[in-house]
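Participant: Quick one: the structure is below, and I'll ask about it shortly.
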Amino acid sequence: MSTSTSQQPGDAVAGEKLRAGAPRVDSGASAPATQTSNFGPTSNFGPTSLSLDVRGDFPILTREFEGKPLVYLDSGATSQKPRSVIEAMDAYYEQRNANVHRGVYPLAQEADAAYDGARAKVARFVGWEPKTTIFTKNVTEAINLVAYAWGRANVGPGDAVVTTQMEHHANIVPWQQLCKAKGAQLRYLEVDERGEICLAQLDRELAAGDVKLVAFTQVSNVLGTILPVAEMVARIRAAGALSLIDGAQAVPHMPVDASAIGADFYAWTGHKALGPTGIGVLHGRAEILKEMEPFLTGGDMIASVSFKGATWNELPYKFEAGTPPIAEAVGLGAAVDYLQELGMERVRDHERELTAYMMDRLAEVPGLRVVGPPEAERRGGLASFTIEGMHAHDIAELASREGVCVRAGHHCAQPLMRCLGVSATARASVGVYNERQDIDALVESLLAGRRVFEL
Ligand code: C6P
């Protein structure tokens, strides 16, 4: 595929009606357009027309670097954390800390309730059952769990696993390792010039009759593309294969009903969803999880052990070896509470509107090319781009001098970079706390960077 060029200004989503009802939302409807910010010439709306106003909830956003306010546009790498998440973890350690599922004393029971209560919240957040919601270290571990525990038992010589060219390494390498170990084939759905995959190719792959599992992202961390996951799952199931969705870049940014999507496995990661590092989530279908052997062994996943062997605990504990990430689960529970209170429809509206604005403003930078779908409607809240005459790392370094944090590199998607014909891109990715001023600061920093390069 080749890259698409950055888009001309257009405000298809900018004037969208705001939804009413959730707390802590600026309706914007009656507020006069503010004149206080330095919006660029293509902007025809002020900060009050965005639906969320939550910066005050994120303590880190008050930081400055060399007198410049922090402009955090790297939520695709990890999100910042609201005070409620930080406080929930502090409160856990200050008031409830004990190991879980081991103690009979009241403190331990409070810890049990905190941990399993967090699981119930996290499961509910994406419409899944707590019993089949497994806490892992991150999404990478969740995918590895499936590749090992399900894959080693169910994929063999002559079988195939299918993934896409746009995957993060975490959704490629476990399948490469599995296929290498089992003599199976790994095939890739191609990414076209618009950064989309083709459902007809999926159908052709499935028609070959050898596909055991298709693993794909819901939102690309480089292209931003939102995949038609429910449609893909339906086709995969009809062909008798299993599906695994990497929801790392989706769950934090849009409403996700994993049950409605219907995948056999749905995985995501806490730290991109306003939660702490060290916790990820795997939702799986009960009948498949029950049949699977454990991934890691020891500790909480045990029912009984003799010198001859062992039996396994019930779901979900069968897949949670050792002491689990208890405080992290509590923090993730607080994070999904926070997101739920905002309302995921609003979060998506906010980020889509901001992304549309970002696409418009990036088009003002000479020589800048955005990869992935041109329409904000088709993408998550990020834009990866190159600037002619500048390396991506120089773009990020020069932006950082203005306090602007963007990521540069291959974004753990080296095969995709090869398809795009680039070694690296710079990437700006938004979260609930970003506002148009952040995008303006980004664009100013890119223009300043070009001047440093005398472009
Ligand atoms: N992407 C980025 O800057 P972990 O590390 O397991 O929490 O997340 C891995 C992962 C898997 N899938 C997708 C789609 C991802 O975006 C990521 C993490 C970060 O794009 C860090 S490389």
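Participant: Restricting the search to the stretch 57-83, which residues are part of a loop (DSSP other than H, G, I, E, B) and within 13 Å of the ligand (Cβ to nearest atom)?
Facilitator: Within the stretch 57-83, L73, S75, G76, A77, T78, S79 meet the criteria.
Participant: Using beta carbons and a limit of 7 Å, which pairs, at least six apart or on different chains, have the first residue in the stretch 134-147 and in contact (Cβ under 8 Å) with a residue 40 or more places away in the chain and the second one among the hydroxyl-bearing types (S, T, Y) and within 8 Å of the ligand (Cβ to nearest atom)?
Facilitator: N138/T269; V139/T269
Participant: Considering only residues of the stretch 362-379 that are closer than 19 Å to D440 by Cα and touching a strand residue (DSSP E or B) at 6+ places or on another chain (Cβ under 6 Å), which is surrounded by the most Cβ atoms within 10 Å (Cβ to Cβ)?
Facilitator: V370
Participant: If you don't mind, another one. State whether the residues of the stretch 199-210 include one that is surrounded by 24 or more Cβ atoms within 10 Å (Cβ to Cβ), closer than 29 Å to A383 by Cβ and touching a helix residue (DSSP H, G or I) at 6+ places or on another chain (Cβ under 7 Å).
Facilitator: No, that holds for no residue.
Participant: Within the stretch 420-455, work out how many residues are touching a residue at least 12 places away in the same chain (Cβ under 8 Å) and either within 16 Å of the ligand (Cβ to nearest atom) or assigned to a loop (DSSP other than H, G, I, E, B) (or both).
Facilitator: 18
Participant: Just to be sure before I move on: is G127 in contact (Cβ under 8 Å) with a residue 60 or more places away in the chain, surrounded by fewer than 23 Cβ atoms within 10 Å (Cβ to Cβ) and small (G, A, S) in the structure I sent?
Facilitator: Criteria met by G127.
Participant: Which condition number does F125 fail, the rest of (1) at pLDDT 95 or above; (2) in contact with a helix residue (DSSP H, G or I) (Cβ under 6 Å, 6 or more places away or on another chain); (3) not assigned by TED's automatic domain parsing to the domain that holds I279 being met?
Facilitator: With (1) at pLDDT 95 or above; (2) in contact with a helix residue (DSSP H, G or I) (Cβ under 6 Å, 6 or more places away or on another chain); (3) not assigned by TED's automatic domain parsing to the domain that holds I279 applied to F125, the lone miss is (3).
Participant: Looking only at residues that are of a type in the set (G, A, S) and free of Cβ contacts under 8 Å to residues at least 60 places away in the same chain in the stretch 110-124, which one is surrounded by the most Cβ atoms within 10 Å (Cβ to Cβ)?
Facilitator: Looking at residues that are of a type in the set (G, A, S) and free of Cβ contacts under 8 Å to residues at least 60 places away in the same chain, I get A120.
Participant: Among (1) surrounded by 17 or more Cβ atoms within 10 Å (Cβ to Cβ); (2) modelled with pLDDT under 95; (3) of a type outside the set (F, W, Y), which single condition is T164 missing?
Facilitator: Exception for T164: condition (2).
Participant: Give me the pairs: first residue in the stretch 398-418 and on the phi > 0 side of the Ramachandran plot and crowded, with 21+ Cβ neighbours inside 10 Å, second residue of a type outside the set (K, R) and part of a loop (DSSP other than H, G, I, E, B), beta-carbon distance under 9 Å, and six or more apart or on different chains, which are they?
Facilitator: Partner pairs satisfying both residue conditions: H411/G76; H411/A77; H411/H168; H411/N221; H411/V222; H411/A424.
The values are calculated or read from the model by the stated rules, or taken from the named source; none is laboratory data. Please read these numbers as outputs of a predicted model, since none were measured by experiment. All Cβ positions, even for glycine, are placed from backbone atoms using ideal geometry, and neighbour counts span all protein chains on display.
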